[in-house]
Amino acid sequence: MTTVRVLVTVAVKKGWDIFQLDVNNAFLHGDLYEEVYMEVPPGLLIDQTGPQKVVCKPNKSLYGLKQASRQWYAKLTEALSSMGYRHSENDYSLFSKKTSSHTIFVAVYVDDVIITGDDSVETANLKSFLDKQFKIKDLGKLHYFLGLEVLYKSDGIIMSQRKFTLDLLKEYDCFGYSSLSSPLDPAVKLKGDEGTLLPDPTYYRKLVGKLNFLTNTRLDIAYSVQLLSQFMQAPRDTHLKAAFHLLRYLKSDPTLGIFFSNNTDCSISAYCDSDWASCPDSRKSVTGYIVLVGDSPISWKSKKQETVSLSLAEAEYRSLRKVVGELVWLNRLFEEFTVSQSSPIAVFCDSLSAIHIAHNPVFHERTKHIEVDCHFVRNKLQEGLISLHHVATTNQLADILTKALTGVKHHAVLGKLAVRSSHPT
């Protein structure tokens, strides 16, 4: 999903048209290189009364086979390669063709395809070629892809999951409830063993799973969803109540989405933060980071750290390590999209201790237990990929990914991000 957001961002800023294709019966195009046998399909008139049972040996891939997706990808790669396209080393679902006269990108998710670039003739040739090879549906300009809705504005586009959100609210009968201003109640601390076990845990798991899909465009609920996801094994009534609190927050504006501006600002910046020892059960910290292109968020994460941090500085440094790792990959991806960064990527952190550790090797003796993280961040700092800056806690945008905020603080952070309502005006 991050690759899709980056692709859309670059296309909008460069003024490229984005087209969507759908491949008919994609998995039936794959070739089988192993011997696979299947039972005779119901309705096929074959005498099975003999001593040996008759089976079928398919020569082509079928839906339901474990090999189906892999063989379809191999077939598509072979077809695109014959047209001069090569797959990306940073994301194998991305293909590109670059010549002196044009640049075309193709993003593939199973049978859904996005095409964008600066040459309409080459785009038309590619569509015609894929149609001859696989029979495709040309769905025109990108409007709906993997549940993501795209609304075109004069100054850019808004990517949201409006329909998915409304369907979710309808499924859980939330239209009769009043809306709330924050995803979680900051006064409530959820624990794994408090409350009554739910008689049907699949109800809770299904709800959280759908909420997790919603975080592809709703970064404002990323922290809440990662917290609710920690109780999937044995959900209790307190956890379900918190999940419905989140649904009531979604009801306040189900059309909220990310705005990608068409201005030419392609500068990357990042914010990272942590909430030290915030988990009452394990005392692990929460890492949160957000990466922006201009003012538009393209990548974000809210996740509990794998190990217990012994100090606030260590927790902050681990969050710094996570965002730098993401920036290394994103920098390579943007170079592939012919968008290079002329200066170090600004990373904002509200911990002076973490910044000092990255800059000052003397601190290394006092932080041996985070030695690998120290080396990695410091190396990228010395290479000039990133530059570290201190930011006041009040201006820390990643706060929304590490803790439950009050309604006022929550909307204050959202107001600084390119998050807009996609409701037509």
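Table for the structure above
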{"item": "Residue in the stretch 91-99 that is closer than 18 Å to residue 23 by Cα, open to solvent by 10 Å² or more (accessible area, probe 1.4 Å), of a type in the set (Lys, Arg) and in a strand (DSSP E or B) present", "result": "no"}
{"item": "Scan of the stretch 1-49 for residues that are within 34 Å of the chain's Cα centre (by Cα), more than 30 Å from residue 330 (Cβ to Cβ) and of a type in the set (Ser, Thr, Tyr), ordered by number", "result": "33"}
{"item": "Residue count, the stretch 63-87 (criterion: more than 23 Å from the chain's Cα centre (by Cα), surrounded by 17 or more Cβ atoms within 10 Å (Cβ to Cβ) and either touching a residue at least 60 places away in the same chain (Cβ under 8 Å) or assigned to a helix (DSSP H, G or I) (or both))", "result": "6"}
{"item": "Among the residues listed as 122, 194, 149, the single one being within 21 Å of residue 82 (Cα to Cα) and in contact (Cβ under 8 Å) with a residue 24 or more places away in the chain", "result": "122"}
{"item": "Residue within the stretch 383-399 that is closer than 30 Å to residue 243 by Cβ and assigned to a loop (DSSP other than H, G, I, E, B) present", "result": "yes"}
{"item": "Failed item in (1) without any contact (Cβ under 8 Å) to a residue 24 or more places away in the chain; (2) out of contact with any helix residue (DSSP H, G or I) (no Cβ under 9 Å at 6 or more places or on another chain); (3) on the phi > 0 side of the Ramachandran plot, with residue 15 passing the rest", "result": "(1)"}
{"item": "Pair list, Cβ < 6 Å and 6+ apart or interchain, from the stretch 333-353 residues that are polar (S, T, N, Q) to residues that are modelled with pLDDT under 90", "result": "351/316; 353/313"}
{"item": "Tally of residues being at pLDDT below 85 and either touching a Pro at 6+ places or on another chain (Cβ under 8 Å) or of a type in the set (Ser, Thr, Tyr) (or both) across the stretch 66-93", "result": "0"}
{"item": "Meets criteria (open to solvent by less than 50 Å² (accessible area, probe 1.4 Å), at negative phi, touching a helix residue (DSSP H, G or I) at 6+ places or on another chain (Cβ under 9 Å) and of a type outside the set (Gly, Ala, Ser)) for residue 216", "result": "yes"}
{"item": "Residue 30 surrounded by 13 or more Cβ atoms within 10 Å (Cβ to Cβ) and either within 29 Å of residue 126 (Cα to Cα) or of a type in the set (D, E, K, R) (or both)", "result": "yes"}
{"item": "Total residues in the stretch 270-282, condition open to solvent by 20 Å² or more (accessible area, probe 1.4 Å) and either touching a residue at least 60 places away in the same chain (Cβ under 8 Å) or under 24 Å from the mean Cα position of the chain (by Cα) (or both)", "result": "5"}
{"item": "The stretch 239-265, subset part of a strand (DSSP E or B) and among the aliphatic types (A, V, I, L, M), residue least open to solvent (accessible area, probe 1.4 Å)", "result": "258"}
{"item": "Single condition residue 340 does not satisfy, out of (1) crowded, with 16+ Cβ neighbours inside 10 Å; (2) polar (S, T, N, Q); (3) at pLDDT below 90", "result": "(1)"}
{"item": "Residues being open to solvent by 10 Å² or more (accessible area, probe 1.4 Å) and either at pLDDT 90 or above or assigned to a strand (DSSP E or B) (or both) - total across the stretch 293-303", "result": "4"}
{"item": "Residue satisfying all of: in the stretch 394-413; more than 17 Å from residue 269 (Cα to Cα) and of a type in the set (Gly, Ala, Ser); least open to solvent (accessible area, probe 1.4 Å) among these", "result": "407"}
{"item": "Strands (runs of 3 or more DSSP E) (entirely within the stretch 112-212) containing at least 1 residues that are open to solvent by 20 Å² or more (accessible area, probe 1.4 Å)", "result": "112-117, 136-141, 148-153"}
{"item": "Subset of the stretch 162-194 (residues that are within 20 Å of residue 217 (Cα to Cα), touching a Ser or Thr at 6+ places or on another chain (Cβ under 8 Å) and among the acidic types (Asp, Glu))", "result": "none"}
{"item": "Hey, residue 306 open to solvent by 10 Å² or more (accessible area, probe 1.4 Å) and under 19 Å from residue 385 (Cα atoms) or not", "result": "no"}
{"item": "Single unsatisfied condition, residue 153 versus (1) farther than 22 Å from residue 413 by Cα; (2) under 21 Å from the mean Cα position of the chain (by Cα)", "result": "(2)"}
{"item": "When residues of the stretch 414-425 are limited to those that are assigned to a loop (DSSP other than H, G, I, E, B) and within 29 Å of residue 344 (Cβ to Cβ), the one most open to solvent (accessible area, probe 1.4 Å)", "result": "416"}
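Let's see how each residue does on (1) over 17 Å from the mean Cα position of the chain (by Cα); (2) at pLDDT 95 or above; (3) not hydroxyl-bearing (Ser, Thr, Tyr):
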{"position": "216", "(1), (2), (3)": "no, no, yes"}
{"position": "224", "(1), (2), (3)": "no, no, no"}
{"position": "234", "(1), (2), (3)": "yes, no, yes"}
{"position": "238", "(1), (2), (3)": "yes, no, no"}
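The values are calculated or read from the model by the stated rules, or taken from the named source; none is laboratory data. Note that the structure is predicted; figures quoted are calculated from it, not measured. Here the Cβ is made from the backbone with ideal geometry for all residues, glycine too, and neighbour counts use every protein chain on show. What goes into the accessible areas is simple: the full protein's heavy atoms, side chains included, and nothing from ligands, DNA or RNA. Shrake-Rupley method; radii C 1.70, N 1.55, O 1.52, S 1.80 Å.
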